[in-house]
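The values are calculated or read from the model by the stated rules, or taken from the named source; none is laboratory data. Quick caveat, the model's predicted, so the values are computed rather than measured. Every residue, glycine as well, gets a Cβ built from its backbone with ideal geometry; the counts of neighbours run over all protein chains shown. All accessible areas refer to the heavy atoms of the entire protein, side chains included, with ligands and DNA or RNA removed. Shrake-Rupley method; radii C 1.70, N 1.55, O 1.52, S 1.80 Å.
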Amino acid sequence: KAGVTQTPRYLIKTRGQQVTLSCSPISGHRSVSWYQQTPGQGLQFLFEYFSETQRNKGNFPGRFSGRQFSNSRSEMNVSTLELGDSALYLCASSPGTGGESREKLFFGSGTQLSVL
Amino acid sequence: SQQGEEDPQALSIQEGENATMNCSYKTSINNLQWYRQNSGRGLVHLILIRSNEREKHSGRLRVTLDTSKKSSSLLITASRAADTASYFCATDGDDYKLSFGAGTTVTVRA
């Protein structure tokens, strides 16, 4: 089985722009979660999607949004970029149906976003 | 904000030695997990221990959990160069939002 695929691997944007990141989960996985990793704040939970619905949400401003498609692929969008949004954005998938099938996450390699 | 804190922040050991790192957390948990991250890459799940378990083994990994002290430890035995990575504990308070610690960077010297 192919792993979790995130594209693009690197992105450079300027303040005020918006960006869309993409994540393809492992085949058969219906849950996709997004995490932000920065040197200062570490890894922080953004949101989780399951069967095209947002099932869980972290404490991030509304500029951060996401969606999930019927094939379980997910996109994350950040609008009006700020310098502090520079981070490694990690996507993780799981079967998502409950218990360990939802708890144990399989991560992609991430998208490194730099905001100038 | 981070739920867990790892100790030490960094660890350097010789190949073949054991590596031990600790994780403390603040609120009650459903389970605690350990993940490994190689430089700038994604995280790899290592082991999950539930709040009603005290110890778990997986290959060269041994994890303990003490819920009374709100702490966990990860032991890697007979370390190899390939174990060089950052190790994170992550707690799940039954809301499926993992809260990660700041991580321990382990360097295994040949």
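Brief remarks on what is shown
- Where both bridge residues fall in chain B, DSSP classifies roughly 90% of the beta bridges as antiparallel.
- Peptide B:97-103 shows a mean partner chain C-beta count of 6 within 10 Å per residue C-beta.
- The simple spin-label model puts a point 7 Å past each Cα toward its Cβ; for B:Q14 and A:K104 those points are separated by 3.5 nm.
- Pairs of alpha carbons in the range B:53-94 whose separation is greater than 16 Å (percent): 45 percent
- Ranked by the mean number of other Cβ atoms within 10 Å of their residues, highest first, the peptides A:88-96, A:103-111 fall in the order A:88-96, A:103-111.
- Evaluated at q = 0.11, 0.14 Å⁻¹: base-10 log I(q)/I(0), Debye formula over Cα of the protein assembly as shown: -0.54, -0.87
- Note on A:S27 and B:E53: with the Förster distance fixed at 25 Å, the Cβ-Cβ geometry gives a FRET efficiency of about 0.25.
- Residue-normalised convex hull volume from the C-alpha trace of the range A:7-77: 105 Å³ per residue.
- Fluctuation leader among B:S12, B:S24, B:S79 - chain B, Gaussian network, Cα springs under 10 angstrom: B:S12
- Taken residue by residue and averaged, Cβ atoms of other chains lying within 10 Å of the Cβ of B:36-47 number 5.
- 10 Å Cβ neighbours from other chains, averaged over peptide A:31-42: 3
- Using a simple spin-label model with pseudo-atoms 7 Å out from Cα toward Cβ, B:D94 and A:S79 lie 3.7 nm apart.
- Largest-first principal axis extents of the Cα set of chain B (Å): 40, 27, 20
- The range A:1-63 versus the range B:70-102: alpha-carbon centroid distance in Å: 21 Å
- Ligands, DNA and RNA aside, A:Y49 has an accessible area near 20 Å² when probed at 1.4 Å.
- Approximating the spin labels as points 7 Å out from Cα along Cα→Cβ, the B:T77-to-A:N59 distance works out to 4.1 nm.
- Which of A:R67, B:R60 is most accessible, then next, and so on - probe 1.4 Å: A:R67, B:R60
- Taking each of A:K1/A:K104; B:K70/B:K97; A:K104/B:K69; A:K57/A:K104; A:K13/A:K104 in turn, the alpha-carbon distance tops 21 angstrom for A:K104/B:K69; A:K13/A:K104.
- Relative contact order for chain A, counting Cα pairs under 8 Å that sit 6 or more residues apart, in percent: 36 percent
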